[in-house]
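Right, one structure below, let's go through it.
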Amino acid sequence: MQSTLRFEAEMTEKFNLLQELQQSQEQDVINQKQRESDALNHNRLKKDNKLMYVPTNHASINLLDDTESGFLSLANSVISGGISSIFDMFLGSYVLLERQNLEDLLQRLSSEEDSTSEGVGMNSGSSSTFGNIYGSSTSMFVFIKNSIKRCTALTNGQTFLSLSKEFKTCMIHYIELLMKRIPPGVTHGSSKLVTYVIPPNGELNMCYLINTGEYCAEVVPQLEIMIQQKMVPSLSDKVSFETEVDAFMDLVAHCIKVLVSGILERLEVSFRTMQSINWAGFTTVGEESAYLHMVNGVLLEAIPKIRQSLSPSYFNNVCNKIATEILQRYLDVILKQKHISDMATQQLLLDTYNMKAVLTQLPNLTDPNQSHSAGSSGSSSSNKMANSMYLKLVNNKIAHIEMILKLVGTPEDILLERFRIMWPDGQPSDLQLLMSLKGTKRNDQQVILEML
């Protein structure tokens, strides 16, 4: 086939087809403009004097059907690719070899990355505008680009199209390899709720996966355009990598879900501690509760690593989800109590204020050990303010929790009035829940509900 390609190149050069074809095509453009001008004059003459006879330009009509460039185009297509294109149907083994080499490369690189201690090491990934990514992704695209060069040196026809389909297959296989690095989900009973437990420093692995998925989803469309431009025009519309882009974005979304779930699972011990407190018999308001120290410790350990590893857009997304889930879990623990005393209500309001302080600084939390080693005062957060959308989300949810606690601490004789003012869209079921938390007797609950 190499000999055939050299022969076609020599014949094209010998007959000077490409240069003559270009010159002929330029002349065709000039002739076309001249015919358009003649036709315009022809119509003007007919309009000015309908009796005037305008002779037909037969030479111009014949020129439309018999151009020199048409002949030269045919000659060029016969000589250049006319013989070598026959080999297309016999290059299936070549395509399979390229696919096998790419799959072997991905398998080897993935095994090396998986064997790195704790799942992710500084040598297992590379830095890019997308943050830290797995180096196997860049190696995959380098191989694909070199494979394209090798193939287009032989043919850009059906074999090239077949090779592009193998690229699609290998990308899906690569996604499957990345998915194997995600910890398996744990289903909880009949609720079918699935949670994920990530090991120590496992958040780094999830960040690498998110960045890698984002990087691949960005590069694949560029690869698609490059292949379409190099493909013969008749086959270029059959090249599409839309499914693979969606698959990489699905990987990113799933990894964010796993990362958030993993952080929440680490916080579950603190929420169980909160739930085990005897809020009904609480008698003294103290400082910040112990479970909040546990929440703060988990976040201080994980959030700085995530911020350093993720791109800003995805980091903000993760913070929004973590804050939302934490506050929802915090509220669930409060609402599941059988009774909350007045003193407990005051303690929970204090804890809620402290929870707000922690979550407000969540995007800017810093590791106190690193801060101390860097010569700073060792504070756990920087002075930088979180973005306004995040602050609005936290403030709204905190305000709702504080409203519930204040209503729980409201005397029964003014509870209904305060409920209407503070919770205007509240339902009878909400009022009944508040009265249950207050320890209101069932008969009194019924009377107040009837007044609502």
* Asked: Inside segment 129-153, can you point out the residues that are over 16 Å from residue 101 (Cβ atoms) and open to solvent by 10 Å² or more (accessible area, probe 1.4 Å)?
  -> 129, 130, 131, 132, 135, 138, 152, 153
* Residue check: is residue 136 modelled with pLDDT under 90 and out of contact with any His (no Cβ under 6 Å at 6 or more places or on another chain)? -> no
* To do: Six or more apart or on different chains, Cβ under 7 Å: which pairs go from a residue in segment 418-444 that's hydroxyl-bearing (Ser, Thr, Tyr) to one that's exposed (fewer than 14 other Cβ atoms within 10 Å of the Cβ) and not in a helix (DSSP H, G or I)? Could you list them?
  => none
* From the set of residues in segment 261-295 that are under 16 Å from residue 319 (Cβ atoms) and either of a type in the set (D, E, K, R) or touching a strand residue (DSSP E or B) at 6+ places or on another chain (Cβ under 9 Å) (or both), which is least open to solvent (accessible area, probe 1.4 Å)? -> 262
* When both residues are 6+ apart or on different chains and their Cβ atoms are under 6 Å apart, which pairs have a first residue that lies in segment 342-355 and is part of a helix (DSSP H, G or I), and a second that is open to solvent by less than 10 Å² (accessible area, probe 1.4 Å) and not β-branched (Val, Ile, Thr)? -> 344/279; 345/405; 348/405; 349/405; 351/292; 354/292
* Asked: If you go through segment 146-186, how many residues are in contact with a Gly (Cβ under 9 Å, 6 or more places away or on another chain) and in a helix (DSSP H, G or I)?
  -> 4
* Using the structure shown, decide if residue 234 is assigned by the TED database to the domain that holds residue 176 and assigned to a loop (DSSP other than H, G, I, E, B). => no
* Would you say residue 430 is modelled with pLDDT of 90 or more, assigned to a loop (DSSP other than H, G, I, E, B), surrounded by fewer than 17 Cβ atoms within 10 Å (Cβ to Cβ) and assigned by the TED database to the domain that holds residue 345? -> no
* Could you check how many residues of segment 255-282 are under 19 Å from the mean Cα position of the chain (by Cα) and of a type in the set (S, T, N, Q)? => 1
* Structure fact -> Considering residues that are surrounded by 18 or more Cβ atoms within 10 Å (Cβ to Cβ) and free of Cβ contacts under 8 Å to residues at least 12 places away in the same chain, the number found within segment 320-341 is 0
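The values are calculated or read from the model by the stated rules, or taken from the named source; none is laboratory data. Everything numeric here is computed off the predicted structure, so don't read it as measured data. Don't worry about glycine lacking a Cβ; one is built from the backbone with ideal geometry, like all the others, and counts go over all protein chains shown. Please note that ligands, DNA and RNA were not included when accessible areas were found on the heavy atoms of the full protein model with its side chains. Shrake-Rupley method; radii C 1.70, N 1.55, O 1.52, S 1.80 Å.
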